[in-house]
Amino acid sequence: MINPYRTDALLPQPGMLVGRRTLIQASMFGAASWAALQGTAGKKVTASETLSGEIGFGRAKRCLLLFMWGGPSQLDTFDPKPEAPDAVRGPFKTIATNVPGINFSENFQLLSQRADKLAVIRSLGHDDPAHLSSGHTTLTGQLPPRNKSDAAPPSDRDTPHIGCVMSKLRPSLGALPSFVTVPWFAYHPAAPGGQAPGQNSGWLGRQYDPLLAAGDPNTPGWQVPSLSLIEGQSPDRLLRRQNLLTLMDTQRRLVDEASMSRRLNAQQQQAFGLLTSSSVRQAFDLEQESPETRDRYGRNTHGQSVLLARRLLDHGVPFVSVNWQNDGQNFWDTHGNNFNRLKNDLIPPSDRAFSAVLDDLEQSGQLDDTLVVWVGEFGRSPHINASVGREHHPYCYCGVMAGGGIRGGQVYGASDKHGAYPSDKPLTPHDLVATMYHALGVAPGEVLHDGLNRPHQIVAGRPVRELFV
(Lines give C-alpha, C1' and ligand atoms only; values in the text may rest on other atoms or scores of the structure.)
Protein backbone atom coordinates (compact mmCIF):
# COMPACT_ATOMS: atom_id res chain seq x y z
CA MET A 1 0.00 0.00 0.00
CA ILE A 2 1.25 3.45 -0.82
CA ASN A 3 2.03 5.42 2.33
CA PRO A 4 0.06 8.67 2.66
CA TYR A 5 2.06 11.88 2.65
CA ARG A 6 1.66 14.51 5.31
CA THR A 7 1.99 18.07 4.09
CA ASP A 8 0.15 20.01 6.77
CA ALA A 9 3.27 21.96 7.67
CA LEU A 10 3.49 23.29 4.13
CA LEU A 11 0.33 25.37 4.49
CA PRO A 12 1.05 29.03 5.23
CA GLN A 13 -0.09 29.98 8.70
CA PRO A 14 -1.81 33.28 9.56
CA GLY A 15 0.66 35.79 11.00
CA MET A 16 -0.16 38.06 13.86
CA LEU A 17 2.11 40.95 12.90
CA VAL A 18 2.08 43.02 9.74
CA GLY A 19 5.28 45.00 9.38
CA ARG A 20 6.88 46.73 6.45
CA ARG A 21 8.18 43.49 4.96
CA THR A 22 4.76 41.83 5.23
CA LEU A 23 3.04 44.80 3.66
CA ILE A 24 5.38 44.67 0.71
CA GLN A 25 5.00 40.88 0.55
CA ALA A 26 1.23 41.21 0.60
CA SER A 27 1.50 43.60 -2.29
CA MET A 28 3.27 40.96 -4.35
CA PHE A 29 0.03 38.97 -4.51
CA GLY A 30 -2.52 40.05 -7.11
CA ALA A 31 -2.79 42.78 -9.69
CA ALA A 32 -6.01 44.50 -8.60
CA SER A 33 -5.51 47.96 -10.02
CA TRP A 34 -1.70 48.03 -10.16
CA ALA A 35 -1.72 48.21 -13.93
CA ALA A 36 -3.88 51.30 -13.76
CA LEU A 37 -1.65 52.79 -11.05
CA GLN A 38 1.38 52.33 -13.27
CA GLY A 39 -0.32 53.45 -16.45
CA THR A 40 -0.05 49.98 -17.98
CA ALA A 41 -3.64 48.80 -17.93
CA GLY A 42 -4.04 46.09 -20.54
CA LYS A 43 -6.28 46.40 -23.55
CA LYS A 44 -7.39 44.13 -26.35
CA VAL A 45 -5.00 43.89 -29.23
CA THR A 46 -6.07 43.90 -32.83
CA ALA A 47 -6.20 40.10 -32.94
CA SER A 48 -8.84 40.08 -30.22
CA GLU A 49 -10.83 42.87 -31.77
CA THR A 50 -11.10 40.97 -35.03
CA LEU A 51 -12.71 38.01 -33.22
CA SER A 52 -15.29 40.04 -31.31
CA GLY A 53 -18.13 38.63 -33.44
CA GLU A 54 -17.10 34.96 -33.19
CA ILE A 55 -19.30 32.49 -31.36
CA GLY A 56 -18.52 32.50 -27.66
CA PHE A 57 -15.65 34.97 -27.96
CA GLY A 58 -15.45 37.23 -24.92
CA ARG A 59 -18.71 35.90 -23.48
CA ALA A 60 -17.14 35.25 -20.07
CA LYS A 61 -16.52 38.25 -17.83
CA ARG A 62 -15.10 36.18 -14.96
CA CYS A 63 -13.68 32.70 -14.45
CA LEU A 64 -13.62 30.05 -11.73
CA LEU A 65 -10.96 27.37 -12.21
CA LEU A 66 -11.36 24.23 -10.09
CA PHE A 67 -7.95 22.58 -10.31
CA MET A 68 -8.12 18.96 -9.15
CA TRP A 69 -4.47 18.62 -8.18
CA GLY A 70 -3.14 15.06 -8.38
CA GLY A 71 -4.97 13.76 -11.44
CA PRO A 72 -8.55 12.41 -11.11
CA SER A 73 -9.40 9.05 -12.65
CA GLN A 74 -11.43 9.52 -15.80
CA LEU A 75 -13.02 6.07 -15.46
CA ASP A 76 -14.26 6.78 -11.94
CA THR A 77 -15.61 10.27 -12.59
CA PHE A 78 -16.99 11.45 -15.93
CA ASP A 79 -16.06 8.67 -18.38
CA PRO A 80 -17.20 5.39 -16.81
CA LYS A 81 -16.81 2.16 -18.77
CA PRO A 82 -19.60 -0.19 -17.57
CA GLU A 83 -18.81 -2.79 -20.24
CA ALA A 84 -15.10 -3.00 -19.42
CA PRO A 85 -13.63 -5.93 -17.43
CA ASP A 86 -13.68 -5.68 -13.63
CA ALA A 87 -9.92 -5.05 -13.56
CA VAL A 88 -10.52 -1.90 -15.59
CA ARG A 89 -14.01 -0.81 -14.60
CA GLY A 90 -13.60 -1.08 -10.83
CA PRO A 91 -16.47 -1.35 -8.32
CA PHE A 92 -18.35 1.84 -9.13
CA LYS A 93 -21.65 1.69 -10.96
CA THR A 94 -22.74 4.11 -13.66
CA ILE A 95 -25.70 6.46 -13.19
CA ALA A 96 -27.79 8.34 -15.70
CA THR A 97 -27.75 12.13 -15.66
CA ASN A 98 -30.57 14.54 -16.45
CA VAL A 99 -29.39 14.49 -20.08
CA PRO A 100 -30.31 11.28 -21.93
CA GLY A 101 -27.25 9.38 -23.09
CA ILE A 102 -24.79 11.03 -20.70
CA ASN A 103 -23.68 8.89 -17.74
CA PHE A 104 -21.39 9.64 -14.79
CA SER A 105 -19.87 7.64 -11.97
CA GLU A 106 -22.45 6.80 -9.31
CA ASN A 107 -20.71 9.05 -6.78
CA PHE A 108 -21.68 12.27 -8.60
CA GLN A 109 -25.21 12.18 -7.25
CA LEU A 110 -25.71 15.96 -7.33
CA LEU A 111 -23.77 16.92 -10.43
CA SER A 112 -25.50 14.21 -12.46
CA GLN A 113 -28.71 16.23 -12.08
CA ARG A 114 -26.98 19.30 -13.50
CA ALA A 115 -25.44 17.73 -16.59
CA ASP A 116 -27.62 19.98 -18.72
CA LYS A 117 -25.30 22.83 -17.65
CA LEU A 118 -22.05 20.92 -18.34
CA ALA A 119 -19.83 20.23 -21.31
CA VAL A 120 -17.85 17.07 -20.52
CA ILE A 121 -14.63 16.64 -22.47
CA ARG A 122 -13.58 12.98 -22.63
CA SER A 123 -10.65 13.24 -25.02
CA LEU A 124 -8.02 15.34 -23.24
CA GLY A 125 -4.52 13.93 -23.40
CA HIS A 126 -0.77 14.60 -23.49
CA ASP A 127 2.42 12.62 -22.87
CA ASP A 128 3.78 14.09 -19.62
CA PRO A 129 3.36 11.82 -16.55
CA ALA A 130 5.01 14.26 -14.09
CA HIS A 131 2.83 16.28 -11.72
CA LEU A 132 4.83 19.49 -11.70
CA SER A 133 5.51 19.99 -15.39
CA SER A 134 2.06 18.84 -16.48
CA GLY A 135 0.58 21.15 -13.83
CA HIS A 136 2.38 24.04 -15.53
CA THR A 137 0.97 23.04 -18.91
CA THR A 138 -2.55 22.71 -17.52
CA LEU A 139 -2.52 26.12 -15.83
CA THR A 140 -0.78 28.05 -18.60
CA GLY A 141 -1.47 26.29 -21.89
CA GLN A 142 2.28 26.17 -22.60
CA LEU A 143 5.02 23.61 -21.97
CA PRO A 144 7.22 24.46 -18.97
CA PRO A 145 10.92 25.34 -19.22
CA ARG A 146 11.67 21.77 -18.11
CA ASN A 147 9.09 19.30 -19.43
CA LYS A 148 8.32 15.82 -18.08
CA SER A 149 9.93 16.65 -14.77
CA ASP A 150 8.96 16.70 -11.11
CA ALA A 151 12.27 18.34 -10.22
CA ALA A 152 11.79 21.89 -11.53
CA PRO A 153 10.16 24.36 -9.09
CA PRO A 154 8.59 27.67 -10.13
CA SER A 155 10.86 30.20 -11.84
CA ASP A 156 10.70 33.53 -13.64
CA ARG A 157 10.99 31.58 -16.89
CA ASP A 158 7.57 29.99 -16.44
CA THR A 159 4.65 30.96 -18.60
CA PRO A 160 2.22 33.02 -16.48
CA HIS A 161 -0.91 31.37 -15.10
CA ILE A 162 -4.11 32.15 -17.02
CA GLY A 163 -5.25 34.30 -14.12
CA CYS A 164 -2.01 36.32 -14.21
CA VAL A 165 -2.45 36.99 -17.93
CA MET A 166 -6.01 38.13 -17.29
CA SER A 167 -4.71 40.38 -14.48
CA LYS A 168 -2.55 42.09 -17.09
CA LEU A 169 -5.19 42.25 -19.81
CA ARG A 170 -8.37 42.73 -17.74
CA PRO A 171 -7.41 44.18 -14.33
CA SER A 172 -10.13 44.59 -11.74
CA LEU A 173 -11.15 48.03 -10.63
CA GLY A 174 -10.66 49.42 -7.15
CA ALA A 175 -8.90 47.67 -4.29
CA LEU A 176 -9.93 44.10 -5.04
CA PRO A 177 -7.26 41.84 -6.54
CA SER A 178 -7.60 40.68 -10.12
CA PHE A 179 -6.64 37.07 -9.38
CA VAL A 180 -7.03 35.06 -6.18
CA THR A 181 -5.80 31.52 -5.48
CA VAL A 182 -7.48 29.46 -2.74
CA PRO A 183 -6.45 27.77 -0.40
CA TRP A 184 -2.76 27.12 -1.24
CA PHE A 185 -0.25 26.82 -4.05
CA ALA A 186 -0.35 23.20 -5.23
CA TYR A 187 2.63 21.32 -3.84
CA HIS A 188 3.59 17.63 -3.97
CA PRO A 189 5.87 16.26 -1.23
CA ALA A 190 7.00 13.34 -3.40
CA ALA A 191 8.20 15.70 -6.14
CA PRO A 192 11.77 17.02 -5.75
CA GLY A 193 10.67 20.38 -7.11
CA GLY A 194 7.90 20.68 -4.52
CA GLN A 195 5.57 23.43 -5.68
CA ALA A 196 4.16 23.13 -9.18
CA PRO A 197 5.35 25.81 -11.62
CA GLY A 198 2.83 27.82 -13.62
CA GLN A 199 0.88 29.10 -10.60
CA ASN A 200 2.42 32.58 -10.62
CA SER A 201 3.20 35.27 -13.16
CA GLY A 202 6.55 33.88 -14.36
CA TRP A 203 8.15 36.08 -17.00
CA LEU A 204 5.25 38.55 -16.89
CA GLY A 205 6.44 40.09 -13.60
CA ARG A 206 5.65 39.65 -9.93
CA GLN A 207 3.11 42.49 -9.92
CA TYR A 208 0.67 40.09 -11.61
CA ASP A 209 0.99 37.28 -9.07
CA PRO A 210 -2.25 36.13 -7.45
CA LEU A 211 -3.34 36.99 -3.95
CA LEU A 212 -3.05 33.74 -1.99
CA ALA A 213 -6.00 33.26 0.37
CA ALA A 214 -4.12 30.67 2.39
CA GLY A 215 -5.33 28.25 5.01
CA ASP A 216 -8.62 26.48 5.64
CA PRO A 217 -11.73 28.66 5.10
CA ASN A 218 -13.72 26.01 6.98
CA THR A 219 -11.89 26.91 10.20
CA PRO A 220 -14.01 29.12 12.51
CA GLY A 221 -12.79 32.71 12.41
CA TRP A 222 -10.56 32.11 9.40
CA GLN A 223 -9.08 35.23 7.78
CA VAL A 224 -6.74 35.74 4.86
CA PRO A 225 -3.29 36.03 6.50
CA SER A 226 -2.07 38.78 4.18
CA LEU A 227 -5.16 40.89 4.97
CA SER A 228 -4.71 40.68 8.75
CA LEU A 229 -3.95 43.95 10.52
CA ILE A 230 -1.71 44.12 13.54
CA GLU A 231 -3.79 43.29 16.60
CA GLY A 232 -5.33 46.54 17.80
CA GLN A 233 -4.20 48.41 14.69
CA SER A 234 -6.87 50.55 13.05
CA PRO A 235 -6.98 51.43 9.33
CA ASP A 236 -6.42 55.12 10.24
CA ARG A 237 -3.28 54.30 12.18
CA LEU A 238 -2.08 52.13 9.32
CA LEU A 239 -2.55 55.05 6.93
CA ARG A 240 -0.47 57.26 9.22
CA ARG A 241 2.24 54.61 9.05
CA GLN A 242 1.94 54.77 5.28
CA ASN A 243 2.63 58.51 5.33
CA LEU A 244 5.72 57.92 7.47
CA LEU A 245 6.95 55.23 5.10
CA THR A 246 6.41 57.63 2.20
CA LEU A 247 8.76 60.17 3.81
CA MET A 248 11.37 57.47 4.37
CA ASP A 249 11.00 56.24 0.82
CA THR A 250 11.69 59.74 -0.48
CA GLN A 251 15.23 59.40 0.82
CA ARG A 252 15.57 55.87 -0.54
CA ARG A 253 14.39 56.93 -3.99
CA LEU A 254 17.38 59.27 -4.25
CA VAL A 255 19.65 56.26 -4.54
CA ASP A 256 17.37 53.58 -5.99
CA GLU A 257 16.77 53.09 -9.66
CA ALA A 258 13.70 54.97 -10.81
CA SER A 259 11.96 51.96 -12.33
CA MET A 260 12.32 49.86 -9.19
CA SER A 261 11.13 52.75 -7.07
CA ARG A 262 7.96 53.21 -9.08
CA ARG A 263 7.19 49.50 -8.98
CA LEU A 264 7.71 49.24 -5.22
CA ASN A 265 5.60 52.34 -4.59
CA ALA A 266 2.71 50.86 -6.59
CA GLN A 267 2.99 47.60 -4.69
CA GLN A 268 2.97 49.42 -1.36
CA GLN A 269 -0.10 51.38 -2.40
CA GLN A 270 -1.82 48.14 -3.32
CA ALA A 271 -0.86 46.52 -0.03
CA PHE A 272 -2.30 49.40 1.98
CA GLY A 273 -5.40 49.37 -0.22
CA LEU A 274 -5.98 45.69 0.52
CA LEU A 275 -5.43 46.13 4.25
CA THR A 276 -7.61 49.21 4.70
CA SER A 277 -10.48 48.58 2.27
CA SER A 278 -13.75 47.55 3.89
CA SER A 279 -15.03 46.21 0.56
CA VAL A 280 -12.05 43.87 0.28
CA ARG A 281 -12.51 42.58 3.80
CA GLN A 282 -16.22 42.06 3.22
CA ALA A 283 -15.60 40.07 0.03
CA PHE A 284 -13.43 37.62 1.97
CA ASP A 285 -15.82 37.35 4.94
CA LEU A 286 -17.57 33.98 4.84
CA GLU A 287 -19.48 34.91 8.00
CA GLN A 288 -21.67 37.00 5.70
CA GLU A 289 -23.10 33.76 4.29
CA SER A 290 -26.01 31.98 5.96
CA PRO A 291 -25.42 28.66 7.74
CA GLU A 292 -27.71 27.02 5.17
CA THR A 293 -25.57 28.26 2.28
CA ARG A 294 -22.36 27.14 3.95
CA ASP A 295 -23.89 23.71 4.53
CA ARG A 296 -24.98 23.52 0.89
CA TYR A 297 -21.40 24.02 -0.31
CA GLY A 298 -20.10 21.55 2.25
CA ARG A 299 -18.50 22.19 5.63
CA ASN A 300 -15.06 21.17 4.44
CA THR A 301 -12.00 22.90 3.01
CA HIS A 302 -12.98 22.51 -0.63
CA GLY A 303 -16.61 23.44 -0.16
CA GLN A 304 -15.81 26.63 1.74
CA SER A 305 -13.04 27.48 -0.73
CA VAL A 306 -15.54 27.32 -3.60
CA LEU A 307 -18.03 29.39 -1.62
CA LEU A 308 -15.31 31.97 -1.00
CA ALA A 309 -14.53 31.93 -4.72
CA ARG A 310 -18.18 32.62 -5.54
CA ARG A 311 -18.19 35.56 -3.11
CA LEU A 312 -15.07 36.98 -4.72
CA LEU A 313 -16.57 36.68 -8.19
CA ASP A 314 -19.73 38.40 -6.92
CA HIS A 315 -17.66 41.29 -5.55
CA GLY A 316 -15.76 41.85 -8.78
CA VAL A 317 -12.67 39.63 -8.72
CA PRO A 318 -12.38 38.49 -12.37
CA PHE A 319 -10.42 35.24 -11.86
CA VAL A 320 -10.35 32.77 -8.96
CA SER A 321 -8.51 29.45 -8.90
CA VAL A 322 -9.45 26.87 -6.28
CA ASN A 323 -6.68 24.30 -6.00
CA TRP A 324 -7.57 20.98 -4.42
CA GLN A 325 -6.31 21.43 -0.89
CA ASN A 326 -3.57 19.81 1.12
CA ASP A 327 -5.47 16.84 2.55
CA GLY A 328 -2.41 14.97 3.83
CA GLN A 329 -3.28 12.00 1.58
CA ASN A 330 -1.92 12.76 -1.86
CA PHE A 331 -4.87 14.77 -3.15
CA TRP A 332 -6.33 13.08 -6.29
CA ASP A 333 -3.04 11.17 -6.75
CA THR A 334 -4.61 7.81 -5.89
CA HIS A 335 -1.81 5.28 -6.47
CA GLY A 336 -3.38 3.29 -3.65
CA ASN A 337 -6.85 2.91 -2.14
CA ASN A 338 -8.30 4.68 -5.16
CA PHE A 339 -11.93 3.68 -4.75
CA ASN A 340 -12.31 4.35 -1.03
CA ARG A 341 -10.56 7.70 -1.43
CA LEU A 342 -12.80 8.71 -4.30
CA LYS A 343 -16.00 7.52 -2.68
CA ASN A 344 -15.38 8.91 0.81
CA ASP A 345 -13.00 11.87 0.52
CA LEU A 346 -12.64 13.27 -2.97
CA ILE A 347 -15.78 13.07 -5.08
CA PRO A 348 -18.42 14.05 -2.47
CA PRO A 349 -16.90 17.47 -1.63
CA SER A 350 -16.24 18.15 -5.31
CA ASP A 351 -19.75 17.05 -6.30
CA ARG A 352 -21.42 19.19 -3.64
CA ALA A 353 -19.38 22.36 -4.17
CA PHE A 354 -19.46 22.27 -7.97
CA SER A 355 -23.24 21.76 -7.91
CA ALA A 356 -23.79 24.54 -5.39
CA VAL A 357 -21.79 27.13 -7.30
CA LEU A 358 -23.60 26.24 -10.54
CA ASP A 359 -26.95 26.71 -8.79
CA ASP A 360 -25.97 30.06 -7.30
CA LEU A 361 -24.52 31.40 -10.52
CA GLU A 362 -27.62 30.40 -12.42
CA GLN A 363 -29.95 31.88 -9.82
CA SER A 364 -28.07 35.18 -9.84
CA GLY A 365 -28.05 35.31 -13.64
CA GLN A 366 -24.25 35.16 -13.79
CA LEU A 367 -23.72 31.67 -15.18
CA ASP A 368 -24.01 32.87 -18.76
CA ASP A 369 -20.99 35.16 -18.37
CA THR A 370 -19.02 33.18 -15.75
CA LEU A 371 -16.76 30.42 -17.05
CA VAL A 372 -16.34 27.44 -14.70
CA VAL A 373 -13.69 24.80 -15.45
CA TRP A 374 -13.02 21.53 -13.56
CA VAL A 375 -9.81 19.70 -14.55
CA GLY A 376 -6.67 17.97 -13.24
CA GLU A 377 -3.21 17.71 -14.73
CA PHE A 378 -3.79 14.18 -16.11
CA GLY A 379 -5.86 11.02 -15.59
CA ARG A 380 -5.30 7.55 -14.16
CA SER A 381 -4.38 4.23 -15.73
CA PRO A 382 -7.19 1.86 -16.71
CA HIS A 383 -5.25 -0.91 -14.97
CA ILE A 384 -5.93 -1.31 -11.24
CA ASN A 385 -2.65 -2.00 -9.44
CA ALA A 386 -1.84 -4.27 -6.50
CA SER A 387 -2.50 -1.40 -4.06
CA VAL A 388 -6.04 -1.04 -5.42
CA GLY A 389 -5.00 2.20 -7.03
CA ARG A 390 -4.37 3.64 -10.46
CA GLU A 391 -1.06 5.03 -11.71
CA HIS A 392 -0.45 8.28 -13.62
CA HIS A 393 -1.97 8.26 -17.11
CA PRO A 394 -1.65 11.50 -19.10
CA TYR A 395 -2.76 10.01 -22.41
CA CYS A 396 -6.50 10.31 -21.79
CA TYR A 397 -8.55 12.12 -19.16
CA CYS A 398 -11.58 14.35 -18.62
CA GLY A 399 -12.31 18.02 -18.13
CA VAL A 400 -15.61 19.76 -17.50
CA MET A 401 -16.69 23.26 -18.55
CA ALA A 402 -19.81 25.27 -17.77
CA GLY A 403 -21.14 28.79 -18.21
CA GLY A 404 -19.39 31.60 -20.05
CA GLY A 405 -21.11 30.75 -23.33
CA ILE A 406 -20.40 27.01 -23.12
CA ARG A 407 -23.30 24.86 -24.33
CA GLY A 408 -24.43 22.56 -21.55
CA GLY A 409 -25.72 19.02 -21.92
CA GLN A 410 -22.96 17.83 -24.25
CA VAL A 411 -20.06 15.42 -24.37
CA TYR A 412 -17.10 16.42 -26.53
CA GLY A 413 -14.77 13.71 -27.79
CA ALA A 414 -14.56 10.10 -26.71
CA SER A 415 -12.09 7.59 -25.36
CA ASP A 416 -11.56 3.96 -26.34
CA LYS A 417 -13.35 1.08 -24.60
CA HIS A 418 -10.94 1.12 -21.64
CA GLY A 419 -10.54 4.90 -21.33
CA ALA A 420 -6.87 4.57 -22.25
CA TYR A 421 -6.61 6.83 -25.32
CA PRO A 422 -8.84 9.30 -27.14
CA SER A 423 -10.81 7.70 -29.94
CA ASP A 424 -12.51 10.85 -31.23
CA LYS A 425 -11.68 14.57 -31.27
CA PRO A 426 -8.46 14.47 -29.22
CA LEU A 427 -7.58 17.66 -27.35
CA THR A 428 -4.48 18.83 -25.50
CA PRO A 429 -4.32 21.03 -22.40
CA HIS A 430 -3.11 23.75 -24.77
CA ASP A 431 -6.48 23.51 -26.54
CA LEU A 432 -8.39 23.62 -23.27
CA VAL A 433 -6.58 26.78 -22.17
CA ALA A 434 -7.05 28.31 -25.63
CA THR A 435 -10.78 27.62 -25.26
CA MET A 436 -10.78 29.35 -21.88
CA TYR A 437 -8.97 32.33 -23.37
CA HIS A 438 -11.47 32.41 -26.24
CA ALA A 439 -14.36 32.60 -23.77
CA LEU A 440 -12.52 35.36 -21.90
CA GLY A 441 -11.89 37.39 -25.06
CA VAL A 442 -8.22 36.64 -25.65
CA ALA A 443 -7.35 35.71 -29.24
CA PRO A 444 -4.75 33.16 -30.38
CA GLY A 445 -2.61 35.99 -31.72
CA GLU A 446 -2.40 37.83 -28.38
CA VAL A 447 1.19 38.79 -27.51
CA LEU A 448 2.63 40.01 -24.21
CA HIS A 449 6.18 41.12 -23.42
CA ASP A 450 8.42 40.07 -20.57
CA GLY A 451 10.67 42.32 -18.47
CA LEU A 452 13.27 42.38 -21.25
CA ASN A 453 10.60 43.40 -23.79
CA ARG A 454 10.72 40.03 -25.53
CA PRO A 455 7.38 39.06 -27.15
CA HIS A 456 5.52 35.92 -26.10
CA GLN A 457 2.45 34.55 -27.84
CA ILE A 458 0.01 33.63 -25.10
CA VAL A 459 -2.09 30.94 -26.73
CA ALA A 460 -0.45 27.78 -28.05
CA GLY A 461 -3.53 25.62 -28.72
CA ARG A 462 -6.70 26.04 -30.71
CA PRO A 463 -10.00 27.10 -29.15
CA VAL A 464 -12.77 24.51 -29.50
CA ARG A 465 -15.54 26.64 -30.91
CA GLU A 466 -17.94 23.68 -31.07
CA LEU A 467 -18.25 23.81 -27.27
CA PHE A 468 -19.98 27.20 -27.37
CA VAL A 469 -23.64 28.05 -27.78
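Applying the criterion of being free of Cβ contacts under 8 Å to residues at least 60 places away in the same chain and closer than 21 Å to Leu308 by Cα to the residues of region 171-222, the residue that is most open to solvent (accessible area, probe 1.4 Å) is Pro220. Tallying residues that are modelled with pLDDT under 90, open to solvent by 20 Å² or more (accessible area, probe 1.4 Å) and not small (Gly, Ala, Ser) within region 269-299 yields 3. Of the candidates Ser387, Ser364, the single residue that is modelled with pLDDT of 95 or more and under 26 Å from Asp128 (Cβ atoms) is Ser387. Residue pairs whose Cβ atoms lie under 7 Å apart, sitting 6 or more positions apart in sequence or on different chains, and linking a residue in region 308-332 that is charged (D, E, K, R) to a partner that is buried (at least 24 other Cβ atoms within 10 Å of the Cβ) and assigned to a helix (DSSP H, G or I), are Arg310/Val357. Within region 118-154, take every residue that is under 22 Å from Val442 (Cβ atoms) and among the hydrophobic types (A, V, I, L, M, F, W, C) and give me the one that is surrounded by the fewest Cβ atoms within 10 Å (Cβ to Cβ). For region 118-154, the residue satisfying everything is Leu143. For region 324-353, residues that are surrounded by 21 or more Cβ atoms within 10 Å (Cβ to Cβ), polar (S, T, N, Q) and assigned to a helix (DSSP H, G or I) total 2. Taking (1) within 23 Å of Ser167 (Cβ to Cβ); (2) of a type outside the set (Asp, Glu); (3) not in a helix (DSSP H, G or I) in turn, Lys417 satisfies each apart from (1).
Select from region 155-170 the residues that are of a type outside the set (A, V, I, L, M, F, W, C), in contact with a Phe, Trp or Tyr (Cβ under 7 Å, 6 or more places away or on another chain) and within 18 Å of Gly316 (Cβ to Cβ) and write down the one among them that is surrounded by the fewest Cβ atoms within 10 Å (Cβ to Cβ). Looking at the filtered set, the residue picked out is Lys168. Here region 106-117 is the region considered, the condition is being in contact (Cβ under 8 Å) with a residue 24 or more places away in the chain and in a loop (DSSP other than H, G, I, E, B), and the residue that is least open to solvent (accessible area, probe 1.4 Å) is Phe108. His430 meets each of the listed conditions (1) buried (at least 17 other Cβ atoms within 10 Å of the Cβ); (2) touching a strand residue (DSSP E or B) at 6+ places or on another chain (Cβ under 8 Å) apart from (2). Scanning region 142-165 for residues that are hydrophobic (A, V, I, L, M, F, W, C) and not in a helix (DSSP H, G or I) yields Leu143, Ala151, Ala152. Every condition in (1) open to solvent by 10 Å² or more (accessible area, probe 1.4 Å); (2) within 16 Å of Gly125 (Cβ to Cβ) holds for Thr435 except the one numbered (1). Residue pairs whose Cβ atoms lie under 7 Å apart, separated by 6 or more positions or on different chains, with the first residue in region 337-361 and in contact (Cβ under 8 Å) with a residue 40 or more places away in the chain and of a type in the set (Asp, Glu) and the second in a helix (DSSP H, G or I) and open to solvent by 10 Å² or more (accessible area, probe 1.4 Å), are Asp360/Arg310. Checked against (1) open to solvent by 10 Å² or more (accessible area, probe 1.4 Å); (2) part of a loop (DSSP other than H, G, I, E, B); (3) over 29 Å from Asp76 (Cβ atoms); (4) at pLDDT 95 or above, His456 passes all but a single condition, namely (2).
The values are calculated or read from the model by the stated rules, or taken from the named source; none is laboratory data. Computed from a prediction, not measured in an experiment: that's the story for all the values here. So basically every Cβ, Gly included, is an ideal-geometry build from the backbone, and we count neighbours across all protein chains shown. Please note that ligands, DNA and RNA were not included when accessible areas were found on the heavy atoms of the full protein model with its side chains. Shrake-Rupley method; radii C 1.70, N 1.55, O 1.52, S 1.80 Å.
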